[in-house]
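**Student:** Quick one: structure below, then a few questions.
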Amino acid sequence: MARSRVAPCLLLLLTSLPAARAFSAAGLGQLDARRTGAGLAANPVRMCAAGDRDLLIVGAGTLGSLIVKQHRAAFPTARIVAETRSTTRHDALRADGAETRTSEEAALSAETMANVVFCVAPGGNDDYVANVRRALALWKGAPGKFVFTSSGGIFAEQDGGVVDETSALSSAPRSQKLVDCEKAVTDGGGTVLRLAGLYNLDRGAHSYWLSQGKVDARPDGLIGLVSYEDSAGAALAALKCEADIGGEVFLICDGVEQTRLDICTSALKTEKFKDGKIPEFTKTEGPIGKRYGVKKATEVLKWVPTHKSWDAFCLAHAPATAAKA
């Protein structure tokens, strides 16, 4: 049985903190009426009841672990359950204030949660759509949020054009798995975040390319990026959003245009990769990639990346002498 959060919420309400919210039966009815007529308009009077900030994260890996930290910081009294394939991260997740369970343990539970974020990687997951549907079944529904992290790689555009949430999608088998999942989520009232290429200092395309002598791709190919930290921030923005974003799709990217060569060049500015060598990109023809339009996420979710670009991120991790120069 879910633990009571009545006392903390009452305390917040009485002290008039911004996070204080409480639902009455009448308020819920008014909320539904407003949502029916207001579309994506913000709901200025949404209140919170005990447990309505509780969160289940399915796939608490690199991205999910950051969501745990950011959600805990935003909502100190919320219950957070982190689900993983193995127990490797469990100690760290518990230290950040989350309850932990494995996927096998989760299969034995039918407990529902007010909010759910699904950020399991699709690779090596033959039952990916079924797993998404299982997670949807563990969501209590609106006014809470269900957030599914998809990929910007789903788009068909490869000729350098700008893509947004309405752009054509690829029919490739790899993309179709995500297309099917997105449909299940939006049909079920959830929200989709299409993430550009994810990175932190240790993980990302730069790390792979700099480990290779040759890369079978164009040096001028366009790559959209967003940090793991900012992607977690986008998930939190969706969870906190006062607008009705059920069934909506958002494109998440820092919005800065860079090529593969640019990415490698920026990486060499960091302490970690300062002695690296830019690989030989062997192609001069073929797909050039795409540019990302992120206006919708900025306007509706009020999301703005803290790392303005990959290059800015790299400069922040430059050797101490270079950073002072």
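Every number here is computed from the coordinates shown, using simple stated rules; none is lab data. It should be emphasised that the depicted structure is a prediction, and the values quoted were computed from it without experimental measurement.
**Student:** What pairs in Lys274/Lys296; Lys177/Lys295; Lys274/Lys302 have C-alpha atoms more than 30 Å from each other? It would help to have the intermediate numbers written out before the result.
**Tutor:** Details: Lys274/Lys296 37 Å; Lys177/Lys295 26 Å; Lys274/Lys302 35 Å.
Exceeds cut-off: Lys274/Lys296; Lys274/Lys302.
**Student:** Quick one: 3J(HN,Hα) in Hz for the range 291-305, Karplus 6.51/-1.76/1.60 with θ = phi - 60°, rounded, Gly and Pro as x.
**Tutor:** 10, 9, x, 10, 4, 4, 5, 5, 7, 8, 7, 6, 9, 9, x
**Student:** How about Lys140: which lysines have a C-alpha closer than 22 Å to its C-alpha, ignoring those fewer than 8 places off in the same chain?
**Tutor:** Here the lysines satisfying the reach criterion relative to Lys140 are Lys183, Lys240.
**Student:** Right, another one. So if I take the centroid of the Cα atoms in the range 166-200 and the same for the range 268-325, what is the distance between those two points in Å?
**Tutor:** Using only Cα atoms to place each centre, the spacing works out to 23 Å.
**Student:** Can you list residues whose amide H is under 5 Å from Ala217's amide H, if they're 5+ apart or on another chain and H is modeled 1.01 Å from N?
**Tutor:** Here Thr282, Lys283 satisfy the definition.
**Student:** Tabulate in residue order the Karplus-calculated ³J(HN,Hα) for the range 143-151, using 6.51 cos²θ - 1.76 cosθ + 1.60 with θ = phi - 60°, rounded to whole Hz; enter x for Gly and Pro.
**Tutor:** Here the 3J(HN,Hα) series is x, x, 10, 10, 10, 10, 8, 9, 9 Hz.
**Student:** Moving on. Determine ³J(HN,Hα), in whole Hz, for all residues of the range 186-203 in sequence, where each value follows from phi through the Karplus function 6.51 cos²θ - 1.76 cosθ + 1.60 and θ = phi - 60°; x replaces Gly and Pro.
**Tutor:** So the J values, rounded to whole Hz, are 5, 5, x, x, x, 10, 10, 10, 8, 8, 6, x, 7, 8, 9, 5, 8, 10.
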